[in-house]
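Take a look at the structure below.
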């Protein structure tokens with residue numbers, strides 16, 4: 001396991017990259033240098049052979065070699081040149097007949113080839129056959145005509161040379177290059193180890209610093225060696241801030257749940273103790289106390305049901321039962337259901353449907369969400385007052401606008417109304433029933449439908465909720 005983790009380490013990968021880069025660079029330089037040296041040595045050999053043959057041609061004219069090919073001095077020079085260049089030299093006269101051969105096997109024979117013909121036309125011809133490792137050089141021998149004074153090619157000297165000695169020299173250079181490359185590679189391994197350790201050190205400091213942080217209040221040291229390490233530290237700070245906010249929210253949620261669940265239980269305990277202390281309590285008192293206990297049990301059950309609903313919604317859209325719903329009929333059913341509560345509170349419910357709207361939604365969840373908004377509009381309203389529901393839609397989205405004539409919400413509290421257990425109008429919190437979870441459930445439901453909810457309010461004049469939902473519900477791929 002540790003070995004597998006080490007193979008994934010940033011330090012090892014930097015080390016490998018540096019070593020491979022050094023190896024590729026050294027091998028490329030060795031091969032390029034060797035090839036360049038080989039080419040230069042071949043060029044030098046061609047230049048030397050051409051120059052030496054020209055010197056030999058001059059001596060041939062001076063010794064009248066073409067009239068007397070038995071000159072020992074010329075033959076000795078040609079033999080020496082062929083020996084020096086590990087090759088063969090032929091002298092060909094104007095009739096393409098070989099008059100001298102350092103191998104003594106072609107004298108008297110005819111030699112007609114491209115190099116010979118081109119040379120008789122006055123060119124110095126050179127040819128290097130890399131496959132057979134041979135160099136050929138053809139040099140014309142010119143003499144002046146005594147009658148006309150013009151120069152003419154009277155013979156051609158054709159020389160060939162093996163490049164085996166050059167290849168042996170370059171092979172030796174290559175072997176030495178290998179030794180140098182191995183030495184350099186060993187040195188680069190040491191350098192790569194040091195550089196990789198140095199480059200990985202800031203990341204190790206970041207990791208160590210993250211591991212040493214034990215509280216949200218403790219700051220992570222600044223590691224600004226690289227832009228990347230600084231970005232990691234910044235991202236860690238942002239993540240820790242979100243975790244801190246989440247932890248605070250969790251603690252607040254637990255505290256609120258404990259408080260909200262404890263309150264009805266405490267009331268039930270007080271009522272039950274009061275009954276126990278009354279030895280001869282009248283029947284009417286028992287009934288009143290039992291009714292109060294029943295109300296507190298209902299309140300406790302309502303809180304638990306809302307909490308369970310929130311927990312189910314936290315699982316995402318997996319619990320959604322989406323179908324196509326006529327929204328106009330859904331709103332009419334909600335208004336009909338809330339009618340008695342509205343009449344009791346002297347609040348008029350007004351529905352304005354600007355067009356027939358059909359949309360994909362979970363009918364039960366959306367009914368509960370819209371009901372929560374309208375019910376709050378009834379509870380926190382003036383008496384008499386009104387709640388107006390306007391339904392409209394375009395080709396892609398539908399909009400439900402719910403406005404009331406209530407007291408409005410202070411601007412500082414608008415951002416908190418969707419929080420769990422938040423209760424507006426705290427001075428009447430005991431008079432107005434509710435768990436403080438309704439708007440939180442509403443917002444979660446609308447978000448699960450890929451929609452949005454906005455709130456605007458003017459203190460003393462009323463509040464407007466705007467719900468925007470897509471007409472088509474598309475399940476996201478997982």
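No lab work stands behind these numbers, since they all come straight from the coordinates. These numbers were taken from a predicted model, which means no experiment stands behind them. Ideal geometry is used to build each Cβ from the backbone, glycine not excepted, and the neighbour counts take in all protein chains shown.
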Stretchable slack from residue 70 to residue 105, in nm (0.36 nm times residue separation minus alpha-carbon distance): 11.0 nm
The range 2-169 - Rg (one decimal) and Dmax (whole number), Cα, Å: 25.2, 97
Nearest-0.05 FRET efficiency for residue 17 and residue 144, computed from C-beta distance (R0 51 Å): 0.15
Full-stretch length increase - residue 176, residue 251 - with 0.36 nm per residue and alpha-carbon distance subtracted: 19.7 nm
Per residue Cα convex hull volume in Å³ - calculated over the range 74-144: 105
Efficiency of FRET between residue 324 and residue 304 - r from beta-carbon atoms, R0 25 angstrom, step 0.05: 0.15
Compactness of the range 319-470 as Cα Rg over 2.2 N^0.38 Å, two decimals: 0.99
Label-point gap, in nm, between residue 237 and residue 456 - each point 7 angstrom along Cα→Cβ: 3.8
Contact order normalised by residue count of the range 2-169, Cα under 8 Å, 6+ apart, percent: 19
